[in-house]
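Following: one structure in structure tokens, then a few remarks.
The values are calculated or read from the model by the stated rules, or taken from the named source; none is laboratory data. This is a predicted model, so every value here is computed, not measured. When we count neighbours, we look across all protein chains shown, and the Cβ atoms used for this are built from the backbone with ideal geometry, even at glycine.
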Amino acid sequence: MTTALTHSPVWQELLGHDDTEHAGALLGADPGRVERYCLHHEDLRVDLSRHPVTDSTWERLLRLAEERGVPGRIEALFSGASVNESEGRPALHTALRSRPDASIHVDGEDVIPAVYEELQRMAAFVEALRSGDVRGYDGRPLRHVVNIGIGGSEAGVTMAHQALADGDEPLRLHTVSGVDGRELAAVWGRIDPAETLFCVASKSFSTLETLTNARTAWAWLEAEAGRPVPEQFVGISANESAMADFGIPAERRFRIWEWVGGRYSLPSTMGLPLAAVIGMERFNELRRGMRAMDEHFRSAPAAQNIPLLLGLLGVWQISLRGATGHVVLPYHPGLRRLPAYLQQLDMESLGKSVTRDGQPVDYPTGTSCWGEVGINGQHSFFQWLHQGTGRVIAEFLVPVEEGGLPERHAGLNLASALGQVQALCQGQAPQGSGPEAEHHRYEGGRPVTLILFRRLDAYTLGRLLALHEHRVFVQASLWGINPFDQWGVELGKRVAKGLAPVARGEAPPPAEADAATRQALRWAGCWGA
Ligand code: F6P
């Protein structure tokens, strides 16, 4: 059986399309190519000229977008239609950063007033925290914020904090995600209990890792203070009653909504720990950057629409040209967690094998997404990018203004990035002849996206994050899959919960534990000794 996608006439055309040309040769033969294949959003420059596409490939890809109903899906996303079909709800992360005078209805109710009411509560709390008005159990102002959360309830905060905090802020952020207790124990040594706010961030407020760490933190603080200290806890969740049951006071509970996906939640109250450190003004700059990209995505003509074209290229490279990965290469140390953040966004969203209506796909969908600060990657895995047998889309993200670097360092970051980009594309013919010379053959033609921007600030970071959210949405729309659920992860969470009593030596394995799991638990000494 074929799916609607592989059946479509334009897909068939693309399959038969001669795409063997080398992007290096295409660049050499066409003086107008760079200008035509560079897209701009304000001071963001996205260069697609090093992908082996021609004008006729683009023409077909744009027709594919029309044929697959991408414009309609975009409108559905923004207007609050139920685009997350398997969970029966909208995916309204764009509402979190929309203008305050916008109006978006879910089940007949405008969600924007509630979004802004919650953001205002958060802003008032952040302001009080930063000005020293929120005090710990002995009356001293709070100076540390510990975020307890995992996945979408941690990755964005950590990534954006590394990108935007400069170390001079009045509050210090610490993040704890893993469940083995060592991360939390390491934090005890860095904080003073009377000066610490714990943010328990969990959309569901039921995640094993988060609730375990939160309970340990609660007990630790209680032991230090000699009494329970609920006022030093904040909860961020869509599950109000679970926050209340945990003991978080009403005025310390911040709300998100079921229609916000965890990996899309940074611009909501999930960003509270980040805003506490960098301030509400810069947090709102991040939201404004996201909004600017939202507006571009919703209104730019198809041929200049950056997320749309990146999504089309992704599908083209993965489903039709055999790319098996997307490597994210930021040339800025502050973006060192960006690959991990985008990894969740990309792989949790696109790691699907059935279409929205439950048909098995007959084409590759999401690939691996990984990466590293580019300059470090150059000295580890770039050899594989240059001469290995695999094919991945390499995305370079490079700031061009360095601001205040010592003379000796000036320009070297940009030169390094551009040098790698050119080498990946152009390659090099063998020097001389014979087997020896073959080692020096670089065939080039590796697919590269080059994103240049002026400087790393909150606005630009916001634009880059929204750009990827929408790029992922376009890929999902073309493939016909749902980017907003994650049933596979849910299964793993459920099985792990069932095994926890066994791993603690409190119960025998449940019936659903298979032979290998039972043997592993026995070998670990958890049961059957
Ligand atoms: O890692 C899987 C996941 O379900 C993510 O989608 C989510 O961001 C994370 O767990 C944390 O979930 P919660 O915010 O509900 O604790």
>> Need pairs with beta-carbon distance below 8 Å; first residue over 13 Å from L61 (Cα atoms) and β-branched (V, I, T) and within the range 473-486, second more than 12 Å from the ligand (Cβ to nearest atom) and in a helix (DSSP H, G or I); sequence gap 6+ or separate chains.
In response: I481/L350
> Across the range 46-74, what is the total count of residues that are out of contact with any strand residue (DSSP E or B) (no Cβ under 9 Å at 6 or more places or on another chain), more than 22 Å from S299 (Cβ to Cβ) and not hydroxyl-bearing (S, T, Y)?
Replying inline: 4
> What number of residues in the range 112-150 are within 16 Å of the ligand (Cβ to nearest atom) and β-branched (V, I, T)?
Replying inline: 3
> Is it the case that N213 is over 19 Å from the mean Cα position of the chain (by Cα), touching a residue at least 40 places away in the same chain (Cβ under 8 Å) and in the same structural domain as L164 (by the TED database)?
Replying inline: yes
> Which of the residues spanning the range 75-116 are under 25 Å from P301 (Cα atoms) and among the basic types (K, R)?
Replying inline: R97, R99
> So which pairs qualify, if the first residue must be in the range 337-356 and in contact (Cβ under 8 Å) with a residue 24 or more places away in the chain and more than 15 Å from Q162 (Cβ to Cβ), the second must be among the acidic types (D, E) and surrounded by fewer than 23 Cβ atoms within 10 Å (Cβ to Cβ), the Cβ gap must be under 6 Å, and the two must be at least 6 apart or on different chains?
Replying inline: R356/E85
>> With the structure loaded, tell me whether P406 is closer than 22 Å to L335 by Cα and either touching a residue at least 12 places away in the same chain (Cβ under 8 Å) or in contact with an Asp or Glu (Cβ under 7 Å, 6 or more places away or on another chain) (or both) or whether it fails that test.
In response: no
> Can you pull out the residues in the range 424-447 that are hydroxyl-bearing (S, T, Y) and either closer than 19 Å to H22 by Cβ or part of a strand (DSSP E or B) (or both)?
Replying inline: Y442
> Of all the residues that make up the range 151-182, how many are more than 16 Å from the ligand (Cβ to nearest atom), crowded, with 21+ Cβ neighbours inside 10 Å and of a type in the set (G, A, S)?
Replying inline: 1
> So, of the residues in the range 396-423 that are touching a helix residue (DSSP H, G or I) at 6+ places or on another chain (Cβ under 9 Å) and not in a helix (DSSP H, G or I), which turns out to be nearest to A437 (Cα to Cα)?
Replying inline: F396
>> Among (1) assigned by the TED database to the domain that holds Q162; (2) away from the ligand (no atom under 15 Å from the Cβ), there is one condition R287 misses while meeting the rest; what is its number?
In response: (1)
>> Give me the helices (runs of 4 or more DSSP H) completely within the range 1-118, filtered to those with at least 2 residues that are closer than 21 Å to Y363 by Cβ and touching a Phe, Trp or Tyr at 6+ places or on another chain (Cβ under 8 Å), ordered by residue number.
In response: 4-7, 55-67
>> List the residue pairs whose Cβ atoms are under 7 Å apart, where the first residue sits in the range 253-269 and is aliphatic (A, V, I, L, M), the second is in a loop (DSSP other than H, G, I, E, B) and within 13 Å of the ligand (Cβ to nearest atom), and the two are 6 or more positions apart or on different chains.
In response: I256/K203; I256/A238; I256/S265; I256/S268; V260/S268
> Out of G498, G492, G525, which single residue is out of contact with any helix residue (DSSP H, G or I) (no Cβ under 9 Å at 6 or more places or on another chain) and within 16 Å of the ligand (Cβ to nearest atom)?
Replying inline: G492
> Taking the condition in a helix (DSSP H, G or I) and within 16 Å of the ligand (Cβ to nearest atom), does S319 pass?
Replying inline: no
> What about A95, is it within 16 Å of the ligand (Cβ to nearest atom) and of a type in the set (G, A, S)?
Replying inline: no
> Hey, among L464, L450, which residue is assigned to a helix (DSSP H, G or I), away from the ligand (no atom under 16 Å from the Cβ) and not assigned by the TED database to the domain that holds G152?
Replying inline: L464
